[in-house]
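For reference, the structure is listed below as structure tokens.
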Amino acid sequence: MEGPPAQEPRDPRANYDLAVAYQSLLLQEQIFAIDIGATNIKFSHVNDLGVLVRGVRRRPTPYPCSPARLVEFLDERIAKSGCRRVGVGFPGEFRDGHVVQPGNLSRPGGVATEKDPDLDALWRGFALQDALREKTGREVRVVNDATMAALGCIEGEGTELVLTLGTGLGLALAIDGALQKERDVGAEIFRDGKTYDQSIGERARSLDDLNWNPTLVEIVEGFAKEFHATTVHLAGGNARRVVPEEFDHLPFRVVINGNDAPMRGAARLFADD
């Protein structure tokens, strides 16, 4: 009696191809989060709940940073991500898919240089969201960077103010979970002729770390009073430098969030899909 026919050995390349196809499918269902900063641009993959599934990677922001150069720079990273959905935080005033004012991206050599009127003019009114969609072929959604951080912080109750602490200062506001349209405050004068970016940004902290926290408390108090905040969230790269005890005397909650808030917030840009 003859036994069953011998089976041919499985081609190991078939297993590899299946694994690659499965990995590609997983990547497509993730969201590629991009947080554009005046110093660095951060990237990460997150799931639909905003949980990071890969570590955060950083690349120096390319200067001079014209719209065309930034789109080209981001296109390369988005193509490599494998994701079909992309959430982007822009470091300036941004509304309805267009740049209102570019913040520090209008400085040709970064934050330590003066603004270039020609570069500034290139940015104003630029349809960044559509440009990225056309260039990449992906579903790209762009908001102000503080707004994206707010989406990763807010709890959905009361008046929540979000301040992002990095190269400069960003601000977002939510009332009962609904984000409000607010101005970009970084270039506004705080005191002594210095802007908020100059007074509480990373350069100010590096030059006078001792007075950085007291200055931050003063700024938090001022904006909390202006917006009648019940909770203030502090996010961004320098949130880790905040001394929590400095805020104990304030009549509202101060919540210190990690630097990954914008990454988490990118997922919420697609929450209604």
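The values are calculated or read from the model by the stated rules, or taken from the named source; none is laboratory data. Remember, it's a predicted structure, so these values are computed and weren't measured experimentally. Glycine gets a Cβ as well: all are built from the backbone with ideal geometry, and neighbour counts include every protein chain shown.
Quick check on segment 150-166. Is at least one of its residues among the hydrophobic types (A, V, I, L, M, F, W, C), in contact with a Phe, Trp or Tyr (Cβ under 8 Å, 6 or more places away or on another chain) and within 23 Å of Val242 (Cβ to Cβ)?
Yes, because at least one residue in segment 150-166 is among the hydrophobic types (A, V, I, L, M, F, W, C), in contact with a Phe, Trp or Tyr (Cβ under 8 Å, 6 or more places away or on another chain) and within 23 Å of Val242 (Cβ to Cβ).
Could you run through segment 181-214 and say how many residues are crowded, with 16+ Cβ neighbours inside 10 Å and among the aliphatic types (A, V, I, L, M)?
Qualifying residue count for the region: 4.
Just checking, does segment 229-238 include any residue being closer than 24 Å to Glu155 by Cα, surrounded by fewer than 20 Cβ atoms within 10 Å (Cβ to Cβ) and of a type in the set (Ser, Thr, Tyr)?
Yes, that holds for at least one residue.
Can you find a residue that is crowded, with 17+ Cβ neighbours inside 10 Å and without any contact (Cβ under 8 Å) to a residue 60 or more places away in the chain anywhere in segment 240-247? If you could, list the steps in order and put the result at the bottom.
Let us first name the residues in segment 240-247 that are crowded, with 17+ Cβ neighbours inside 10 Å, namely 242, 247.
Those still in the list that are without any contact (Cβ under 8 Å) to a residue 60 or more places away in the chain too: 247.
Scanning segment 240-247, I find at least one residue that is crowded, with 17+ Cβ neighbours inside 10 Å and without any contact (Cβ under 8 Å) to a residue 60 or more places away in the chain, so the answer is yes.
Check whether at least one residue in segment 264-272 is in contact with an Asp or Glu (Cβ under 7 Å, 6 or more places away or on another chain), assigned to a helix (DSSP H, G or I) and within 16 Å of Ala150 (Cβ to Cβ), and report yes or no.
Scanning segment 264-272 turns up at least one residue that is in contact with an Asp or Glu (Cβ under 7 Å, 6 or more places away or on another chain), assigned to a helix (DSSP H, G or I) and within 16 Å of Ala150 (Cβ to Cβ).
Just to verify a result, which residue in segment 55-79, among those that are charged (D, E, K, R) and under 16 Å from the mean Cα position of the chain (by Cα), is farthest from Asn259 (Cα to Cα)?
Just the residues of segment 55-79 that are charged (D, E, K, R), to begin with: 57-59, 69, 72, 75-77.
Among the residues that remain, those that are also under 16 Å from the mean Cα position of the chain (by Cα) are: 57-59, 77.
Working: Arg57: 12, Arg58: 12, Arg59: 15, Arg77: 21 Å.
The selected residue is Arg77.
Which residue pairs have Cβ atoms closer than 7 Å, lie 6 or more positions apart in sequence or on different chains, and pair a first residue in segment 114-134 that is without any contact (Cβ under 8 Å) to a residue 24 or more places away in the chain with a second residue that is basic (Lys, Arg) and surrounded by 15 or more Cβ atoms within 10 Å (Cβ to Cβ)?
Glu114/Arg107; Lys115/Arg107
Out of the strands (runs of 3 or more DSSP E) lying entirely within segment 19-77, which hold 3 or more residues that are modelled with pLDDT under 95? Steps first, please.
Working: elements: 31-36, 40-46, 57-60.
So the answer is none; nothing clears 3.
Can you tell me which of (1) at pLDDT 95 or above; (2) over 24 Å from Val99 (Cα atoms) is the one Arg240 doesn't meet?
Of the numbered conditions (1) at pLDDT 95 or above; (2) over 24 Å from Val99 (Cα atoms), the odd one out for Arg240 is (1).
Name the single residue that is modelled with the highest pLDDT among those in segment 109-134 being closer than 20 Å to Lys42 by Cα and surrounded by fewer than 18 Cβ atoms within 10 Å (Cβ to Cβ).
Arg133
Could you check segment 49-85 and list, in sequence order, the residues that are under 21 Å from Thr164 (Cα atoms) and touching a Leu at 6+ places or on another chain (Cβ under 9 Å)?
Gly50, Thr61
When you scan segment 79-99, do you find a residue that is farther than 19 Å from Val46 by Cα and small (Gly, Ala, Ser), even just one? Please lay out each step first, then the result.
Filtering segment 79-99 down to residues farther than 19 Å from Val46 by Cα leaves 91-99.
With the extra rule that they be small (Gly, Ala, Ser), the set shrinks to 92, 97.
Checked segment 79-99: at least one residue is farther than 19 Å from Val46 by Cα and small (Gly, Ala, Ser).
Return the residue satisfying two criteria in turn: it lies in segment 218-260 and is part of a loop (DSSP other than H, G, I, E, B) and β-branched (Val, Ile, Thr), and of such residues it is nearest to Asp145 (Cα to Cα). Explain how you work it out, then say what you get.
Initially, segment 218-260 is screened for residues part of a loop (DSSP other than H, G, I, E, B), giving 228-230, 236, 242-243, 248-252, 257-260.
Then keep just the ones that are β-branched (Val, Ile, Thr); that gives 230, 242-243.
Numbers: Thr230: 22, Val242: 20, Val243: 24 Å.
The residue in question is Val242.
Quick one: which helices (runs of 4 or more DSSP H) sit completely within segment 110-202 and have at least 2 residues that are among the aliphatic types (A, V, I, L, M)?
Numbers: elements: 117-123, 128-136, 145-151, 196-200.
Of the helices (runs of 4 or more DSSP H) lying wholly inside segment 110-202, those with at least 2 residues that are among the aliphatic types (A, V, I, L, M) span 117-123, 128-136, 145-151.
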